[in-house]
Amino acid sequence: MPERTGRSVFAADYALVAGTAFADFGAEAESCRVSTRFGPPSGPVRRLAYGDLDVLYLARHGERHDIAPHRINYRANLAALRQLGVSTVIAINTVGIIGDRLQPGALAVPDQLVDYTWGRSHTIYDSPAEGLEHIEFTEPFSARLRRGLLAAARAADVQCHDGGVYGVTQGPRLETAAEVDRYERDGVLYLGMTAMPEAALARELGLEYACLSLVVNRAAGRGSGPIHADIEASALTAKMRAMQVLKQFFSRQA
Ligand code: HPA
């Protein structure tokens, strides 16, 4: 299929890129396959309706949820959304929490990143055809979008933590207890596997980007039981809260 450029009928300003907790989301919505100069995205882009507002949705781990974090074609995912006219991406991701500031089930909008990943295609500037720009990344997330998400959470009466450092690990395995100690010394509060290179690529492609993070477990060595028990007990609560925030957020954009 030829690449789509600019706005098409299947177009929107906002997109959600979501992972594990949203694996079943948007399955019945109308979808569109897009090809990009970086190859195919993780799956079809779906169109969700929030009142009068269309929002595009992409499952970053694929429709069958079988693409590991290090195998995701982040470049194609973001380029596909850009081609469909998207200007703003809300990244939904699940994270583990270091420390007692938040409990599993909570939401957060991180304000900083540390990238511990390796071997991922992390930039669009990979060939002379793309040119070269050293993007500024001092503040990795869009301040405007962060404010909007936090305001929506307040309006929806859903607690959502403002700020904190998201440490991006390579996965797909979870961390060792000693790694978590090291990340804590680095100032990391949340651990997840997908915010990089996603955030940097969004910036390179001129997209506004911020994370709405679902805290689903205590980090390795910090809980009282198995991590997956934490996740099972809290993922649905966090997802329902995130959906309330998104509904409120999009009702304010329409
Ligand atoms: N570590 C890394 N990624 C994660 C975690 C975690 O504890 N929980 C959810 N995604």
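Some notes on this structure:
- Radius 15 Å from Cβ of ARG173, net charge of other residues (Lys, Arg +1; Asp, Glu -1): -1
- Nearest 10 degrees, 0 to 90: helix 143-155 Cα axis against the chain principal axis: 60 degrees
- Stretchable slack from TYR125 to ARG37, in nm (0.36 nm times residue separation minus alpha-carbon distance): 30.4 nm
- Protein accessible area in the range 14-251, 1.4 Å probe - carbon and sulfur %: 48 percent
- Part-to-part distance (alpha-carbon centres) for the range 211-230 and the range 89-142, which is given in Å: 19 Å
- FRET E, pair ALA143, ALA29, Förster distance 30 Å, beta-carbon r, rounded to 0.05: 0.50
- Mean Cα-pair separation over length for the range 126-238, i.e. relative contact order, pairs under 8 Å, 6 or more apart, %: 28 percent
- Highest-MSF residue in the chain out of GLY43, GLY62, GLY119 [GNM, Cα springs under 10 Å]: GLY119
- Nonlocal amide H pairs with ILE92, under 5 Å, H built at 1.01 Å: VAL17, ALA18, GLY19, LEU212
- Structural descriptor for the chain: relative contact order 26 percent, calculated from alpha carbon pairs under 8 angstrom and at least 6 residues apart.
- Among beta bridges that DSSP assigns inside the chain, antiparallel share in %, nearest 5: 30 percent
- Accessible surface computed residue by residue for the chain, with neighbouring protein chains in place and a 1.4 Å probe, gives 46 Å² per residue.
- Charge dipole (Cα centre; +1 on Lys/Arg Cβ, -1 on Asp/Glu Cβ; no other charges) of the chain amounts to roughly 340 debye.
- Prolate/oblate/rounded call for the range 126-231, Cα gyration tensor, a/c under 1.5 rounded: oblate
- Largest accessible area first, the listed residues LYS239, LYS247 line up as LYS247, LYS239 when surface is computed with a 1.4 Å probe on the assembled protein chains.
The values are calculated or read from the model by the stated rules, or taken from the named source; none is laboratory data. Remember, predicted model here, so these are calculated numbers, not experimental data. Cβ coordinates were reconstructed from backbone atoms using ideal geometry, including for glycine residues, and neighbour counts include every protein chain displayed. Side chains are part of the model used for accessible areas, which takes the heavy atoms of the whole protein and leaves out ligands, DNA and RNA. Shrake-Rupley method; radii C 1.70, N 1.55, O 1.52, S 1.80 Å.
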